[in-house]
Amino acid sequence: MNRRTKIIASIGPASDDPRVLKGLIQSGMDIARINLSHESLELALERYHRIRAVAADVGRPVGILADLPGPKVRLGKLPGDGVLLVDGQEFLVTPGTDQSTAEVFQVDYEDLLTDVHEGDQLVFGDGAVQVLALGRQGDHLRVRVNHGGHLTGRPGIHIPSDRLRIATPTPEDLRFLDAFVEVGIDMIALSFVRSAHDVRRVGTEPAPRGPMVVAKIETRAAVQNLASIVEVADAVMVARGDLGSEFPIEELPHLQKEIIRRCIAAGRPVITATQMLESMIHSPSPTRAEASDVANAVFDGSSTVMLSGETAIGDDPEHVVDVMSRIAARADEKFDYAGWPALLASLQLAAGDSADSRVTNAVTSAAQRAASEIGAAAILCISESGFTVRSVARFRPKAKILGFSSDPRTVSQLTMSWGTTPYLLEASGNSDELTDEAIALAKAKGEIHTGDLVVVVGGSRFSKGRVTDTVRVIEVP
């Protein structure tokens, strides 16, 4: 069985070289992430075009995700190789955008001294360092290290989201967004979402005319408003770094499972992210706990798992993607395919009350059942927008999913859909002509063979908009 769970790899200094990018694609990267928290717009756009060129050269669809900075509070750049903080050490934190020193950390949040109170616990770098606020000292905040560690670059500092006064998306987010929409970005990730209104404020054309909007769940408010956020977002990311700072750490695994299930029930791709193979930034192999974490994210139903520093600044990005791919593929083999539809039924699929939603649910559910009962070689989804493919994918069928669209951006966006191999249909026509072309293309690519039974699902000439109303079983000629 081919790997069904998709892989996002973050691109940075360690993976910018076209030869490394090619290696990442060949090792299993499905989506390249550009983290805009650390880049100028000019460098980020150069990176985007470089990824597009390499993917075209390899001849494989690779989605590109632009991760907007959001209202994340960060330190001013730390000196040289960074700063080592030890337990009990005291230092100063001050609002500002200059470079930090070992004695005074600059923080790019002007309300720092107002919004951080004596006795608050502050977290740097996704939990790498924890400090206690001792109180104001002039124009500075004095803090004491409770849990030390090594910080480099411009790590984030977690301030409780209910006190953070910065709106999402920020003016900088919108500046990045406009530039990336203009060049045709496939997906954008919105940081520090707190409500569905934050997602609506992005204001782009609905996918596939515009990019898929990925809502990052990393605040307490986002968890409380999860249902409405999932309804308006195109996909969701379980961003475990800040989420683990907003909630007691023992709650994080349970939140991960709940968010994933809610997303899949609604037909939304869901990404599990943060510290998945972090030891591999420098180590040639992951810890046993990291390997189990990746596998459990697959068992939970994640559409996609994400690598961050491991591929952006790590010693061997290609090797990390290969290891992630092998762990995910092995977990895919052991996934509970038979039990998953019953689990979805217990969650009550977020179908909505419209006739279109009820029809799509019934037809895609029938496609999954038919494929299971006849041992179909594949489920062929013909979809202009990708909606049909994502509706089928939430049932996690054991048969491989082949997603066909005549829209190149849809093909790129389907790289995020679980179990889906996307293909571009060159021609258009009625449903019979598209089915014939899809079968011919799948045969040419070696996905199916003469005599195989396949399930074909899509819209008919009677359907309007985003509705899937036909399912057929065909023996491949």
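Would you please name the residue that is surrounded by the most Cβ atoms within 10 Å (Cβ to Cβ), looking only at residues in the range 18-36 that are more than 12 Å from residue 318 (Cα to Cα) and among the charged types (D, E, K, R)? Among them, the one singled out is 33. The residue list 202, 214, 181, 193 contains one member that is within 27 Å of residue 123 (Cβ to Cβ) and either among the hydroxyl-bearing types (Ser, Thr, Tyr) or modelled with pLDDT of 95 or more (or both), which is 214.
A single member of 326, 268, 288, 261 is surrounded by fewer than 22 Cβ atoms within 10 Å (Cβ to Cβ), closer than 27 Å to residue 341 by Cβ and basic (Lys, Arg), and it is 261.
The residues of the range 279-312 that are farther than 14 Å from residue 325 by Cβ and more than 17 Å from the chain's Cα centre (by Cα), listed by number, are 279, 281, 282, 283, 284, 285, 287, 288, 289, 290, 292. Looking across the range 121-153, the residues that are over 31 Å from the mean Cα position of the chain (by Cα) and of a type outside the set (Gly, Ala, Ser) come down to 132, 134, 136, 137, 139, 140, 141, 142, 143, 144, 145, 146. When residue 275 is tested against the conditions (1) within 18 Å of the chain's Cα centre (by Cα); (2) at pLDDT 95 or above, the lone failure is (2). Residues in the range 274-301 that are over 16 Å from residue 127 (Cβ atoms) and among the charged types (D, E, K, R): 288, 300. I'd like to know if the range 36-44 contains one or more residues that are within 18 Å of residue 176 (Cβ to Cβ), in the same structural domain as residue 278 (by TED's automatic domain parsing), touching a residue at least 60 places away in the same chain (Cβ under 8 Å) and within 17 Å of the chain's Cα centre (by Cα). Looking through the range 36-44, at least one residue is within 18 Å of residue 176 (Cβ to Cβ), in the same structural domain as residue 278 (by TED's automatic domain parsing), touching a residue at least 60 places away in the same chain (Cβ under 8 Å) and within 17 Å of the chain's Cα centre (by Cα).
Does residue 208 qualify as being more than 15 Å from the chain's Cα centre (by Cα), in a loop (DSSP other than H, G, I, E, B) and buried (at least 20 other Cβ atoms within 10 Å of the Cβ)? For residue 208, the condition - more than 15 Å from the chain's Cα centre (by Cα), in a loop (DSSP other than H, G, I, E, B) and buried (at least 20 other Cβ atoms within 10 Å of the Cβ) - is met.
Just one of (1) part of a helix (DSSP H, G or I); (2) more than 21 Å from residue 261 (Cβ to Cβ) fails for residue 389. It is (2).
Residues that are closer than 20 Å to residue 1 by Cα, of a type in the set (Gly, Ala, Ser) and either touching a Ser or Thr at 6+ places or on another chain (Cβ under 7 Å) or not in a loop (DSSP other than H, G, I, E, B) (or both) within the range 293-347 comprise 295, 297, 302, 303, 325, 328, 329, 331, listed in sequence order. Exactly one residue out of 59, 82, 88 is touching a residue at least 60 places away in the same chain (Cβ under 8 Å) and of a type outside the set (Val, Ile, Thr), and it is 82.
Return yes when residue 12 is within 18 Å of the chain's Cα centre (by Cα) and on the phi > 0 side of the Ramachandran plot and no when it is not. Answer is no for this residue.
Yes or no, residue by residue, for (1) farther than 17 Å from residue 66 by Cβ; (2) among the acidic types (Asp, Glu); (3) over 17 Å from the mean Cα position of the chain (by Cα); (4) not in a helix (DSSP H, G or I):
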{"position": "169", "(1), (2), (3), (4)": "no, no, yes, yes"}
{"position": "173", "(1), (2), (3), (4)": "no, yes, yes, no"}
{"position": "181", "(1), (2), (3), (4)": "no, no, yes, no"}
{"position": "185", "(1), (2), (3), (4)": "no, no, no, yes"}
{"position": "221", "(1), (2), (3), (4)": "yes, no, yes, no"}
{"position": "230", "(1), (2), (3), (4)": "yes, no, no, no"}
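For the range 148-164, a residue qualifies if it is among the basic types (Lys, Arg) and farther than 15 Å from residue 219 by Cβ, and exactly one does: 154. The condition (being assigned to a loop (DSSP other than H, G, I, E, B) and modelled with pLDDT of 95 or more) is satisfied by just one residue among 465, 451, 429: 451.
The values are calculated or read from the model by the stated rules, or taken from the named source; none is laboratory data. This is a predicted model, so every value here is computed, not measured. Please note: Cβ atoms are built from the backbone with ideal geometry, for glycine as well, and neighbour counts cover all protein chains shown.
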